[in-house]
Amino acid sequence: MRNVPSAVAIALCLSLAACGGGEAEEDAEVGNVSVTTDDTADGQITEVTGPNGERATIRSGEDVDVQFPEGFALVSGGRVENVMQFTERGQENWMISIAADMPMEELAAAYRAQAEAAGYAIEMTTTSADVHLIAGKKNEDEGFTFAANAGDGPGSSKGTLQVGSAPR
């Protein structure tokens, strides 16, 4: 079962990150959850701390600084649009939104190759005209998914890489 406070914190992070900001820094308390938002030169950083100390961080913006999880990297021609990092069950987790100047099939194939090279066993692949989805596990506790879909223009795509705690 997933950690409910982490799920609540993540949902709160996503809703706050989507709002944007105008203030240099905002602090808030929502129940037992603490939220801090800071606009920086390279994007916006939102940090959420749950009642048991669990943390989630979202970095968003065009020039956001991101460290990819071990074994993964930004593909050539790709741009990071948003990054969310959080800790669940003591393990670092990432959700990275990427835009690229390549068809979605190529974007999905690039991240599948990275996952396999990093030691993930592919357990599921689903393709349609609208989406390419792959998922796998490295071990009982660590999994990944990558979903690619068409982008905003011809020959472009968007994708979301998720790496971290495997569902239980």
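Rule-based calculations on the coordinates, nothing more; no lab input. The structure displayed is predicted, hence computed values, not measured ones. Cβ placement follows ideal geometry from the backbone for every residue including glycine, while neighbour counts extend to all protein chains displayed.
Using a Förster distance of 25 Å, how high is the FRET efficiency between residue 34 and residue 141, based on the Cβ-Cβ distance and rounded to 0.05? Before the final figure, lay out the partial values.
Details: r = 27 Å, r/R0 = 1.09.
It comes out at approximately 0.35.
Among 147-156, 123-132, the peptide with the highest mean count of other Cβ atoms within 10 Å heads the list, and the full ranking is 147-156, 123-132. Net length available on complete extension from residue 131 to residue 73 is 18.8 nm, with 0.36 nm assigned per residue and the Cα-Cα distance removed.
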